[in-house]
Amino acid sequence: MSNQEPVRVLAATSSRNRPLLLRHCIMQIAYQSYPTDHAIYVNSLKEEVARVRRDYEKILSDLSKLPGVRITYGPHTSSQGNYLAHIDAELLKHYDLLLKIDDDDIYFKNYVEEVVKDFEERRWDYSGSPSDGYLNGADLLPHQLKSLGLTEEDHQLGIPEIMPPTIALSRKAALAILEVEDTGVSDDFLWRRHLGKIPGMKMCVRPQRNFIYNIHGGNISTRSLFKP
């Protein structure tokens, strides 16, 4: 890669009703050791979009001016719809990698740098990593959560066991998910099933453990599995 252009990275975050967590998320990406643009979609009920935008524009007034940060406001539709509401093929042509970044988890300073290094070495289209433990209230617990909701069919398709907030997509894979039919289930489920059925789509598990999953009452998929 020494004679080639550096890998261009876009982080994408969908957020609702979490202004404080979103501030932290934006600062985590701005603090990364590797240059990373950040596209954020703040979604709310259709009738509340104007009010939410006024509130968030004040709350994020300093961070919205950071280089590479673009914030879009709009109505809540679905997990898939919220992530793709502000991402299209025209935007993706400027980037080599698309990173799914959740607004409520911990990404260490070298998170993006390590993703890029792994991509340069193995040239995957879809990747992710396990969690380096999880934050559960005030406790950092060491148990490794590999993936949520992985099915036998997923295993047969060769879909790796990864944490959804660590998903990284090549431009080819990112363009492919734009064509996914939105059935209302979680975005990562739709993506991995769709990409797993495309011939030649390379999937990998990244060995780096520079991410910590945050368990809290707002985690729809896991709040019933862990103590408050």
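Remind me, relative contact order of the chain in percent, using alpha carbon pairs under 8 angstrom and six or more residues apart? Mind showing how you got there, number by number?
Values: 400 pairs, mean separation 54.7, N = 228.
Relative contact order for the chain comes out at 24 percent.
Residues with amide H under 5 Å of ASN214's amide H, sequence separation 5 or more or different chain, H placed in the peptide plane at 1.01 Å from N; which?
When sequence neighbours closer than 5 places are left aside, the close amide H contacts are ILE106, LEU135.
Computed FRET efficiency, Cβ-Cβ of ALA138 and LEU20, R0 25 Å: what is it to the nearest 0.05?
Numbers: r = 17 Å, r/R0 = 0.68.
Efficiency, rounded to the nearest 0.05: 0.90.
In whole Å, what is the distance between the alpha-carbon centres of the stretch 81-110 and the stretch 4-67?
10
With the crude spin-label approximation of a point 7 Å out along Cα→Cβ, what separation in nm comes out for GLU90 versus LYS172?
Computed distance between label sites GLU90 and LYS172 equals 2.6 nm.
Enumerate the calculated ³J(HN,Hα) couplings along the stretch 22-37 in order (Karplus 6.51 cos²θ - 1.76 cosθ + 1.60, θ = phi - 60°), each rounded to whole Hz, writing x wherever the residue is Gly or Pro.
Once rounded to whole Hz, the list reads 5, 4, 4, 4, 4, 5, 4, 6, 5, 8, 4, 6, 10, x, 9, 6.
Could you give each residue of the stretch 7-21 its phi-based ³J(HN,Hα) in whole Hz, using Karplus coefficients 6.51, -1.76, 1.60 with θ = phi - 60°, and x for Gly or Pro?
For the stretch 7-21, the Karplus curve yields 5, 9, 10, 10, 8, 10, 10, 10, 9, 8, 6, 9, x, 5, 5 Hz.
Taking +1 at the Cβ of each Lys and Arg and -1 at the Cβ of each Asp and Glu, which of PRO19, PRO207, GLY128 sits farthest along the dipole of the chain towards its positive end, judged by Cα position relative to the Cα centre?
In the chain, that residue is PRO19.
Contour minus end-to-end for ILE198 and LYS117, with contour as 0.36 nm per residue of separation and end-to-end as the Cα-Cα distance? Intermediate values should be presented prior to the final figure.
On the way: separation 81, 0.36 × 81 = 29.16 nm, distance 2.45 nm.
Separation in residues times 0.36 nm, less the Cα-Cα distance, equals 26.7 nm.
Given the rule -39500 (n - 2.57) for each run of at least 4 DSSP H residues, summed and divided by the residues of the chain, what is its mean residue ellipticity at 222 nm, to the nearest 500 deg cm²/dmol? Mind dumping the intermediate values first?
Numbers: 8 runs with 67 residues, N = 228.
That comes out to -8000 deg cm²/dmol.
Once the dipole of the chain is set up with Lys and Arg at +1 and Asp and Glu at -1 on Cβ about the Cα centre, which of TYR83, VAL9, PRO67 lies farthest towards its positive end?
Among TYR83, VAL9, PRO67, the one farthest towards the positive end of the dipole of the chain is PRO67.
So what J values fall out for the stretch 181-197 if you push phi through Karplus, 6.51 cos²θ - 1.76 cosθ + 1.60 with θ = phi - 60°, rounded to Hz, Gly and Pro as x?
6, 7, 9, x, 7, 4, 4, 5, 5, 4, 5, 5, 5, 5, 5, x, 9
Every number here is computed from the coordinates shown, using simple stated rules; none is lab data. Quick caveat, the model's predicted, so the values are computed rather than measured. Virtual Cβ from ideal backbone geometry, glycine too; neighbours counted across all protein chains shown.
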